[in-house]
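Read the structure below first, then the notes.
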2 protein chains.
Amino acid sequence: MSKKNTLSTESYKGVRDFYPEDQALLNYIIATWRTTAERWGFVEYHASILEPSELYKAKGADNEEIISEQTYTFEDRGGREVTLRPEMTPTVARMVAQRRRELGYPLRWYSIPNCFRYERPQRGRLREFWQFNADIFGSRSSASDAEIIAFAAALMRAFGATEGDFEIRIGSRTHLDEICQELGFDDAKKKALLALLDRKNKMPVADFARAAGDLGVPLSLLEGGKVPKEVAEALSFLEGLGVSNARYDPTIVRGFTYYTGIVFEIFDTHPDNNRAVMGGGRYDNLTELFGGDPLPGIGFAVSDEVMRIFMDVRGLIPQYLPPTKVYVAVAEESLAGEALQLANELRSAGIATAVDYGERKLGDQIKIASKHRIPFVIVVGQNEITSGTFSIKNLDTGEEVSYERSRLADFFNA
Amino acid sequence: MSKKNTLSTESYKGVRDFYPEDQALLNYIIATWRTTAERWGFVEYHASILEPSELYKAKGADNEEIISEQTYTFEDRGGREVTLRPEMTPTVARMVAQRRRELGYPLRWYSIPNCFRYERPQRGRLREFWQFNADIFGSRSSASDAEIIAFAAALMRAFGATEGDFEIRIGSRTHLDEICQELGFDDAKKKALLALLDRKNKMPVADFARAAGDLGVPLSLLEGGKVPKEVAEALSFLEGLGVSNARYDPTIVRGFTYYTGIVFEIFDTHPDNNRAVMGGGRYDNLTELFGGDPLPGIGFAVSDEVMRIFMDVRGLIPQYLPPTKVYVAVAEESLAGEALQLANELRSAGIATAVDYGERKLGDQIKIASKHRIPFVIVVGQNEITSGTFSIKNLDTGEEVSYERSRLADFFNA
């Protein structure tokens, strides 16, 4: 082992290390996603991050560009081309197609995968991120469109957001198809229009108008028109559910080519965070790639990092507290065995307990407990062991209370 | 989108799809790891699966073989060599080294990463697996050796294992160092002995004896001898903690070169599963690679798949139940909006509720609820809406009870 060349302690570019405070926040985000999804009747599935690259190539020509430029794709030692999943939809389509006849519909599934994209790291875009995905398979009803949108709104509220904090913008791919038909667009021109609309909010109005003109699309076609039937129906159901911050927005199209019906985005209304937090839509043909009849689906996704930014601009990030409730310190190293035993008694009673081995001075041990933000300390010394009475010290207030050994847990369980 | 060539629904070789029942079991395993670790005062950290390949190469020559043959290692689009982590220890050493002065010691950390190894898939060995890791940094005390072993034993019991179900075998790298010194072994011969001992339980006794003879190691040296001091101390602390199924085993060495003190394995005693379930040891030099003084550490790991096999051979796998408590079925499609509203009322009261949109017959909707193992069904029809009284049907017993709309949640919360 060479000690001459020291290794860097930096993580790989564009990914994150999760120290306990970071991990506690990620766990809070994941637990909130999970609890809310299960409340709404969704059940969890999962898959490996490794997928055969064909899964992404098959989706259409525009995705080949993503595969070749924006994914982690490599050949394994057995000559298989493998991709670290950039999103979950192709995987869930594959899994549903595999057990298509065994699964009952409507099927309500959610997942919390980590996903990977090779791109320049920037605010809200990292090379590895966690992404909540929820989908309903086997329904063509606008009620399922409305329910998935209402669920997305409930997910926002579960993080402490109020209706004024976000706006639900609903577009329709059928509307886009009609425009393209009216203009006699071929697939290439349709894709160019889709790409332009998807970038609309990231470019100056004049640039957008010029690009639309270059494509031969009158702005009036994009911005006006009557509300498509499926959007009107979804809005009506949403009204019945008390969701009042949703509206039709013909410019919402979403980047992926696989959408076939409504598409939607949940926009942050905060001036410092002008972005879509969540987004999704209806895709009624996705399982066709695997053979068999098409199975309708509707779903959406949100990433941990975009969720964190939303919480951050509003002060909704909860304060970090460690899971540990008490630190057992020890007056001298020879009593380490006694400290271990006392710690185990507390653990048996359900109290999250850390313990010191007495290699450092008692004062330093208490400083460590404080540094780790553990709220209480119990010191094990010869007097305490002999008397059978221990003090529980509150590190915030300095207050101490004495308990008999057999009753220590009562203090924490009270 | 071509419909001619249908895609395979198979996952990538050697990894798993997690359908809801599989995911529920993985979640149970992860939740049991997490709850027990936090009870023992450990806090969670995490990192990306992507690591610079140097992190693994630096550990020693034998690991270069692992890097070149058993990992997923590739060059990213920016020319960086990157590896999907095969284990967590190098990552945690990197993270601790990075914030070395800010962290307080002893530091008790755990993590539940997914890890990747390119190897022939077999029972208990997959290309992607979840692995629980727990480490204590900053203590050289045998009390910390004993505590990490006692914690590993508690983790076994948390899954329903009793002491007779497993045996804790403790070896020592210092003992191995002494043998090598006595025999005048160089590093290459030491590595060969380490590799041989690590394979001992997987080969016939005669083959092991022959190989030891070829290396010039008398069997008496390996199997006899007095108990090393650090093992004797750990065993004494363990006795004080009531852990009686631990013993000294000089043949336990563990495969990784980085161990420097005690090493241990928890063996399954079931005749159908003769394998180590958990394993770990002391490594007092790991952070040296990143510069600065050595920081002592001790830790262990266990994978989800080996844990699952342990549970399986003993019938300890819990029965699957979905999180969803009630299915709201709807008598006709025109009432879908009413069904959505009723479902939301139940969710607001904390009841995990799925809902149907009425595209299938009522009987089929109830069959779907049953197929998803949802225990209760509420039917929304015009009569129910008018009367304000709904029946809750138990799908197991067929029993029905009637409740006023505003009191439906009371049934589930009772």
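The values are calculated or read from the model by the stated rules, or taken from the named source; none is laboratory data. Note that this is a predicted model, so its numbers are computed, not measured. Ideal geometry is used to build each Cβ from the backbone, glycine not excepted, and the neighbour counts take in all protein chains shown. Keep in mind that these areas ignore ligands, DNA and RNA; they rest on the heavy atoms of the full protein, side chains included. Shrake-Rupley method; radii C 1.70, N 1.55, O 1.52, S 1.80 Å.
Data overview
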| quantity | calculated |
| --- | --- |
| Unique residue being within 12 Å of another protein chain (Cβ to nearest Cβ) and outside any loop (DSSP other than H, G, I, E, B) when the list is A:Thr174, A:Thr91 | A:Thr91 |
| Near pairs, Cβ below 7 angstrom, 6+ apart or cross-chain, from the range B:102-124 (facing chain A (nearest Cβ under 7 Å) and over 18 Å from B:Glu147 (Cα atoms)) to any residue that is open to solvent by 20 Å² or more (accessible area, probe 1.4 Å) and in a strand (DSSP E or B) | none |
| Residues that are under 22 Å from B:Glu239 (Cα atoms) and either open to solvent by 60 Å² or more (accessible area, probe 1.4 Å) or more than 9 Å from chain B (Cβ to nearest Cβ) (or both), drawn from the range A:347-363 | A:Ser348, A:Ala349, A:Glu359 |
| Failed criterion for A:Asp304 (all others in (1) open to solvent by less than 10 Å² (accessible area, probe 1.4 Å); (2) free of Cβ contacts under 8 Å to residues at least 60 places away in the same chain; (3) among the acidic types (Asp, Glu) hold) | (2) |
| Selection count, the range A:331-340, where residues are surrounded by fewer than 19 Cβ atoms within 10 Å (Cβ to Cβ) and facing another protein chain (nearest Cβ under 10 Å) | 1 |
| Candidates B:Leu238, B:Leu221 - the one that is farther than 30 Å from B:Arg99 by Cβ, within 14 Å of chain A (Cβ to nearest Cβ) and touching a residue at least 12 places away in the same chain (Cβ under 8 Å) | B:Leu238 |
| Residues of the range B:175-191 satisfying the condition of being among the aliphatic types (A, V, I, L, M) and more than 15 Å from B:Pro218 (Cα to Cα) | B:Ala188 |
| Test set (1) over 18 Å from the mean Cα position of the chain (by Cα); (2) surrounded by fewer than 21 Cβ atoms within 10 Å (Cβ to Cβ); (3) in a loop (DSSP other than H, G, I, E, B) - B:Gly160 fails condition number | (1) |
| Selected residue (only one of A:Glu87, A:Glu69, A:Glu64 is within 25 Å of the chain's Cα centre (by Cα) and modelled with pLDDT under 90) | A:Glu69 |
| Among residues of the range B:15-54, those that are within 22 Å of A:Tyr110 (Cα to Cα), touching a residue at least 12 places away in the same chain (Cβ under 8 Å) and either assigned to a helix (DSSP H, G or I) or more than 9 Å from every other protein chain (Cβ to nearest Cβ) (or both), counted | 10 |
| The range B:388-414, subset touching a helix residue (DSSP H, G or I) at 6+ places or on another chain (Cβ under 9 Å) and of a type in the set (Ser, Thr, Tyr), residue most open to solvent (accessible area, probe 1.4 Å) | B:Ser406 |
| Search result, residues across the range B:131-140 that are at the interface with chain A (Cβ under 10 Å from one of its Cβ atoms) and open to solvent by 10 Å² or more (accessible area, probe 1.4 Å) | B:Arg140 |
| Sole residue being closer than 23 Å to B:Asp249 by Cβ and open to solvent by 10 Å² or more (accessible area, probe 1.4 Å), chosen from B:Arg120, B:Arg169 | B:Arg169 |
| Residue that is least open to solvent (accessible area, probe 1.4 Å), among those in the range B:372-381 that are closer than 15 Å to B:Val328 by Cβ and of a type outside the set (A, V, I, L, M) | B:Gly381 |
| Criterion (in contact with a strand residue (DSSP E or B) (Cβ under 9 Å, 6 or more places away or on another chain), assigned by TED's automatic domain parsing to the domain that holds A:Ala153 and surrounded by 19 or more Cβ atoms within 10 Å (Cβ to Cβ)) met by exactly one of A:Val217, A:Val231 | A:Val231 |
| Verdict on A:Ile366 being β-branched (Val, Ile, Thr), more than 17 Å from B:Ile136 (Cα to Cα) and open to solvent by 10 Å² or more (accessible area, probe 1.4 Å) | yes |
